[in-house]
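Input: a single structure, listed below in structure tokens.
Since every read-out is calculated from the coordinates, none of them should be taken as a lab result. Keep in mind that what you see is a predicted model, and the values were worked out from it rather than measured. Don't worry about glycine lacking a Cβ; one is built from the backbone with ideal geometry, like all the others, and counts go over all protein chains shown.
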Amino acid sequence: MRVRSIRPRAIVGRSRSTVSWPLLALFLVAACGGPAARRVTGEIARAVEACLAAGKERFEHQEWDRLLAGGTRDGLVDYRLMRERRTELDAYLGRVASARIERLAPGHLEALLINAYNALTVRSILDHPEATSIRQIPGVWTVARHRVGGFEVPLDDIEHRILRPFFRDPRIHFAVNCASMSCAPLPPWAFDGDRIDDQLKERTKAFLADPRNVRVEGGKLRLSRYFDWYGEDFVGPGWRGAAPTTTAYVAAYAAPEVARWIGGQGGSPAIEFLEYDWSLNAAPPAPAP
């Protein structure tokens, strides 16, 4: 999910028991306008903590990997193909629903949550074929719940209450996809728990080296809105690979000419954030053979 108007977050429900807390204690909103990274509580939190402490099992994503290989082009989604292969998508999400997340190795849980978020987002679009933007689907991030590892969670909780606060890795922003043109594009492969670090590094480099997301224009460094909404993730103490400044983080992954320009500005250029395109990330029809 990317940022929207500020409003209370939905209470998390799950299949094993019920989690609730006072409405006033719901999701904090970061000063930049994006949802804060605030941990879930209750049994789901204990399952994640058990995974991070001692989990060792693997989880394979072969169905989702095949769907992405055939159903993405240049980071965009062929929703027609995904609709034709809905049975495969549902079968994969059925396995995600019954995963024992407390047993997974940490990298495998991280991969599962990213893949689940992306696959559930695709399914949300398939369920609303009239939508030309995901923002036209009421409650898509906060109300609609999905079973992941036996727990019923909205998409917001996967991203902002599990992935971000437990893994504290800003590269997650370049892996989750919100079905919009300005989102980090979907790769033609699934994230794999055995290779998750290399894959996140590749996704971050691909996004920040793309002039659609990072470029020099008018004497300013123009950046994706991710750095406006979630700026603290990239510089916060305890976050993996955090840099002293936003521009230092960007320079580590940006195209060489952009990194050199940042250095030539003493590492502190003027920053302007790019407009975010919320239109659907639908791939154009495949060319005729």
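Brief remarks on what is shown
- Set of lysines near LYS220 by C-alpha distance (under 28 Å), chain-local residues within fewer than 8 positions excluded: LYS201, LYS205
- Charge dipole magnitude, Cβ of K and R +1, D and E -1 - the range 23-200, Cα centre, debye nearest 20: 280
- Full-extension gain in nm, GLU217 to SER98, via 0.36 nm per residue minus C-alpha separation: 38.0 nm
- The value of relative contact order for the range 23-200, using C-alpha pairs under 8 Å at least six residues apart, is 32 percent.
- Centroid-to-centroid separation of the range 227-248 and the range 95-120 [C-alpha atoms, Å]: 25
- In this structure, the amide hydrogen of PHE151, modeled 1.01 Å from its nitrogen in the peptide plane, lies closer than 5 angstrom to those of SER15, counting only residues at least 5 positions away or on a different chain.
- Rounded to whole numbers, the Karplus 3J(HN,Hα) couplings from phi for the range 201-211 are 4, 5, 5, 5, 4, 4, 6, 7, 8, 8, x Hz, using 6.51 cos²θ - 1.76 cosθ + 1.60 with θ = phi - 60°, and x at Gly and Pro.
- Label-point gap, in nm, between GLU257 and GLU60 - each point 7 angstrom along Cα→Cβ: 4.5
- Sites count as exposed loop sites when they are GluC sites (Glu not before Pro), lie in a DSSP loop, and have at most 16 other Cβ atoms within 10 angstrom; the longest stretch of the chain without one is 131-274.
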